[in-house]
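Below is one structure, written out as structure tokens; comments come after it.
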Amino acid sequence: MKQIILSFLIALATSASAQNFDDYFEDNTLRLDYIFGGDSASQYIQLCQLYKQPKWAGRRARLAETFLLGNAQINVFDQASGKLIYVHTFSTLFQEWLNETEATKMKRAFEASYNIPFPKRPINIRVTLTDNHNKVTAVMTHSVDPKDILIRPVGDNGIPFKYIVRSGDISQCVDLAIVAEGYTANEMDKFYKDCQRAADAIFSHEPFKSMKNRFNVVAVGSVSNESGPSEPGKGIWHDTVLRSHYDTFYSDRYLTTSAVHKLFDLLSGVPFEHIIVLINTSRYGGGGIYNQWMCSSSDHATFKQVLVHEFGHSYAGLADEYNYGDNHVEWYPADTEPWEPNITTLKDFNKKWKDLIAPGTPIPTTTNNNQQTSRPTNTQQGGTREDLNAKTKRVGVFEGAGYMARGAYRPAELCRMNVNEVEDFCPVCTRAVIQITDFYTGTVK
């Protein structure tokens, strides 16, 4: 039954007729705060709080279109007619945790917050979580009356913000917010300089470089009481505004925050669609979750390369194209085509990048260095930079991707989603970034 529900939602979302934004929504934001919880056997969704915020920074066209499925979906229906009027898809840190051994032994709860345009009339909202077989694992439906007296109005919270890149009106551009984490009041000058470095890094890589005029970037100067994130493995705990820390899921390099409700509090009054949490540290670390957030250390030697890599995850839903060798976790099962645009199990490859492969290219495609198993932080590749970059141009189907040495395939030998030594994204990832930017800005091509 749950699979039938998901199939219905996908079909409805992709076939829904276009509607005018003003028919159903006003120029304000409805913030939805949830709790996702459970264990590997069962999950649940709970609603916490509703907020009304001024202005809407998201897309105003292609509203009911499911562009990427993600691992979770919010579908908004007009209550009177039952018509699907808005879709938001995403992934969560909670669902990533479900792959951990800990999830087989205990239950945990994770915060989640999402923005949708504020409705003019009562709506029904359906929230679904799906697993790596694209099967529904949890579903919740609730109603929202825009006249509900318990929807809390919020606005400017007094936290200063300023634009690093301002290309146009929020209704016409992708709005990216960079939030300060682990920066004290005396380090705000450093934060704004770090934000400029972050923006420069993103827009020095194609295809972002050519699309810079379609982005706004705003720096949010949230102050922490202490400098730098917590490092539990070293017994270091700091009082920071988002309580970020290394050792997420006991992985020493995984630097994240679980304070998502607080993160959205910090962004109250700020026009944004996508979030970078910039964490004040020179130690390597970070992570990116599709349509949730990306976290990045500010001062590691690989800052620019890693930031762009993680932004590929959170912004465009790109998967990692490296693997961990004979890892026992089957991240991408053979009976399911991944929703991420840059990896495949060959279950339904016709929907991926087959049209970009030169005639005569074997599938799968072999290479002298096909079994690349290193992480993007420590990969050592032979050849000049020109040689490495050339390997991003040849499109094929190379085994070893999505953390798996067998059964998952990437589109190029090397890519920005694979190793730090190459400059740009491969053709498949490049197309994916362009297409999702078109989606976010309402462009139809």
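The values are calculated or read from the model by the stated rules, or taken from the named source; none is laboratory data. Here the structure is a predicted model, which means the values were calculated and not measured. All Cβ positions, even for glycine, are placed from backbone atoms using ideal geometry, and neighbour counts span all protein chains on display.
Has region 320-341 got at least one residue that is in contact with a strand residue (DSSP E or B) (Cβ under 9 Å, 6 or more places away or on another chain), closer than 16 Å to Thr430 by Cα, surrounded by fewer than 22 Cβ atoms within 10 Å (Cβ to Cβ) and at pLDDT 95 or above? No: region 320-341 contains no residue that is in contact with a strand residue (DSSP E or B) (Cβ under 9 Å, 6 or more places away or on another chain), closer than 16 Å to Thr430 by Cα, surrounded by fewer than 22 Cβ atoms within 10 Å (Cβ to Cβ) and at pLDDT 95 or above. For region 69-89, does any single residue satisfy the condition of being over 17 Å from Met140 (Cα atoms), touching a Pro at 6+ places or on another chain (Cβ under 7 Å) and in the same structural domain as His142 (by TED's automatic domain parsing)? Within region 69-89, not a single residue is over 17 Å from Met140 (Cα atoms), touching a Pro at 6+ places or on another chain (Cβ under 7 Å) and in the same structural domain as His142 (by TED's automatic domain parsing). Screening the candidates Ile170, Ile202, Ile236 for the property of being among the aliphatic types (A, V, I, L, M), more than 26 Å from Arg60 (Cα to Cα) and modelled with pLDDT of 95 or more yields one hit, Ile236. So in region 202-233, with the set limited to residues that are within 24 Å of Leu255 (Cα to Cα) and out of contact with any strand residue (DSSP E or B) (no Cβ under 9 Å at 6 or more places or on another chain), which one is surrounded by the most Cβ atoms within 10 Å (Cβ to Cβ)? The extreme case among them is His205. Residues that are in contact with a helix residue (DSSP H, G or I) (Cβ under 9 Å, 6 or more places away or on another chain) and among the polar types (S, T, N, Q) number at least 1 in the following strands (runs of 3 or more DSSP E) confined to region 88-185: 108-119, 123-130, 136-144. Of the residues making up region 65-94, those that are under 17 Å from Ile123 (Cα atoms) and either among the hydroxyl-bearing types (Ser, Thr, Tyr) or at pLDDT below 95 (or both) number 2. Please work out which residue is nearest to Asp175 (Cα to Cα), limiting yourself to region 44-67 and to residues that are among the polar types (S, T, N, Q) and crowded, with 21+ Cβ neighbours inside 10 Å. Among those that are among the polar types (S, T, N, Q) and crowded, with 21+ Cβ neighbours inside 10 Å, it is Gln53.
Within region 395-418, not a single residue is modelled with pLDDT under 90 and farther than 17 Å from Tyr315 by Cα.
So that you can scan it fast, the table gives a plain yes or no per residue for (1) under 20 Å from Tyr440 (Cα atoms); (2) of a type in the set (Gly, Ala, Ser):
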{"site": "Asp22", "(1), (2)": "yes, no"}
{"site": "Ile35", "(1), (2)": "no, no"}
{"site": "Tyr51", "(1), (2)": "no, no"}
{"site": "Trp56", "(1), (2)": "yes, no"}
{"site": "Ala61", "(1), (2)": "yes, yes"}
{"site": "Ala64", "(1), (2)": "yes, yes"}
{"site": "Leu69", "(1), (2)": "yes, no"}
{"site": "Asn99", "(1), (2)": "no, no"}
{"site": "Ile116", "(1), (2)": "yes, no"}
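Here His238, His261 are screened, and the one residue that is over 19 Å from the mean Cα position of the chain (by Cα) and either assigned to a strand (DSSP E or B) or over 27 Å from Glu423 (Cβ atoms) (or both) is His238. Pairs meeting the criteria (first residue in region 346-364 and within 20 Å of Arg431 (Cα to Cα), second residue of a type outside the set (A, V, I, L, M, F, W, C) and not in a loop (DSSP other than H, G, I, E, B), beta carbons under 6 Å, at least 6 apart or on different chains) are Lys352/Thr344; Leu356/Pro427.
Residue pairs whose Cβ atoms lie under 6 Å apart, sitting 6 or more positions apart in sequence or on different chains, and linking a residue in region 413-433 that is closer than 14 Å to Thr302 by Cβ to a partner that is modelled with pLDDT under 85 and in a helix (DSSP H, G or I), are Glu421/Leu388; Val422/Leu388; Val422/Asn389; Glu423/Asn389.
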